[in-house]
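For reference, the structure discussed in these notes is given below.
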Amino acid sequence: MLLTIDVGNTNINFGIFQDDKLTKRFYIPTKAYALAKLKNSLKGAKVNEAVICSVVPSLTRVLEGDLKKLLGRRPYIIGKDLPVPIKNLYRKPKEVGQDRLVDAYAGAMLYGAPLIVIDFGTAVTFDVVSRNKEYLGGMILPGLEISLDALNERTALLPRIKLEKPRELIGGDTRNSILSGVVYGFASLTDDLVARIKEKIGRRARVIGTGGNIDLIAKYCRRIDKVNKDLTLKGLSIIYGNLYSAAHCRRIKQNFH
């Protein structure tokens, strides 16, 4: 079994794959991670390999050590041990987060290209793939909860509220005005940016939504074609599968000769 791990700023998402099938998923809040919590979540799963994609370097090192203890071998780390097999046309390729490349690659493999992948996580990222399956770049915006935090922290009277479905478009009180502004605002922003990007890469480009807040925001967006909350985890599984297939082919060639 393969354990795929997507380390984000808010949550660490885990997926257990048996062959190509995702059999279990769970998460641990990033700030609350502990080896004991991971052990408890893995009870009964016969995991023998792991792949990590991370945007939190300090936690990558911790997980690397913990997984070596649990599995008896160190995990593969995206960007260090395993490259994401997509042509990266970013002006400074090393600046692109590995999670963004994984999403772009997984999206292109699963849905074809041209493609727009929108990840509604701690930040909102747009990643754009050309019809030739090249990573072109994208956009980075503050996420929905960051926006709620900013309204509370940078104003004297606006309260910190929980992100949830707005009751109405025209807010009848402060709480619902904030929710309406953030949710409908991000939905409208998303639809407009998608339209602008399609003018550049083709109107037939598919739009895939993912990330922790996708189930909430997708209901208000008109231009998201498909929701796949497990896109990053699936991408890690595909990349690991490529490694296994390559090793298998090498063994066949060696035996043949």
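The values are calculated or read from the model by the stated rules, or taken from the named source; none is laboratory data. Owing to the predicted nature of the structure, the values given are computational and were not obtained by experimental measurement. We place every Cβ from the backbone using ideal geometry, glycine too, and count neighbours over all the protein chains shown. Protein only, heavy atoms only, side chains kept; ligands, DNA and RNA dropped before computing areas. Shrake-Rupley method; radii C 1.70, N 1.55, O 1.52, S 1.80 Å.
For region 110-125, filtered to residues that are among the aliphatic types (A, V, I, L, M) and open to solvent by less than 20 Å² (accessible area, probe 1.4 Å), the residue that is farthest from Asn13 (Cα to Cα) is Leu115.
Of the residues Val128, Val182, only one is surrounded by 16 or more Cβ atoms within 10 Å (Cβ to Cβ) and outside any helix (DSSP H, G or I); which? Talk me through it step by step, then tell me what you get.
Working: Val182 fails: outside any helix (DSSP H, G or I).
That would be Val128, the only listed residue that is surrounded by 16 or more Cβ atoms within 10 Å (Cβ to Cβ) and outside any helix (DSSP H, G or I).
Within region 90-101, the set of residues being assigned to a helix (DSSP H, G or I) and either free of Cβ contacts under 8 Å to residues at least 40 places away in the same chain or farther than 14 Å from Gly138 by Cα (or both) comprises Pro93, Lys94, Glu95, Arg100, Leu101.
Among residues of region 133-153 that are open to solvent by 50 Å² or more (accessible area, probe 1.4 Å), those with a beta-carbon under 6 Å from a residue that is among the aliphatic types (A, V, I, L, M) at least six positions away or on a different chain give the pairs Lys133/Ala108; Lys133/Ala113; Leu136/Leu89; Leu136/Val128; Ile140/Ala123; Glu145/Leu163; Leu151/Leu158; Asn152/Leu158. Given the condition closer than 30 Å to Ile78 by Cβ and under 25 Å from the mean Cα position of the chain (by Cα), answer yes or no: does some residue in region 172-184 qualify? Looking through region 172-184, none of the residues is closer than 30 Å to Ile78 by Cβ and under 25 Å from the mean Cα position of the chain (by Cα). Checking each residue in region 203-234 for being open to solvent by 20 Å² or more (accessible area, probe 1.4 Å), under 19 Å from Gly137 (Cα atoms), touching a residue at least 40 places away in the same chain (Cβ under 8 Å) and out of contact with any Gly (no Cβ under 8 Å at 6 or more places or on another chain) picks out only Arg204.
Residues considered: Ala150, Ala113. Of these, the only one that is more than 14 Å from Thr210 (Cα to Cα), among the aliphatic types (A, V, I, L, M), at pLDDT 95 or above and in a loop (DSSP other than H, G, I, E, B) is Ala113.
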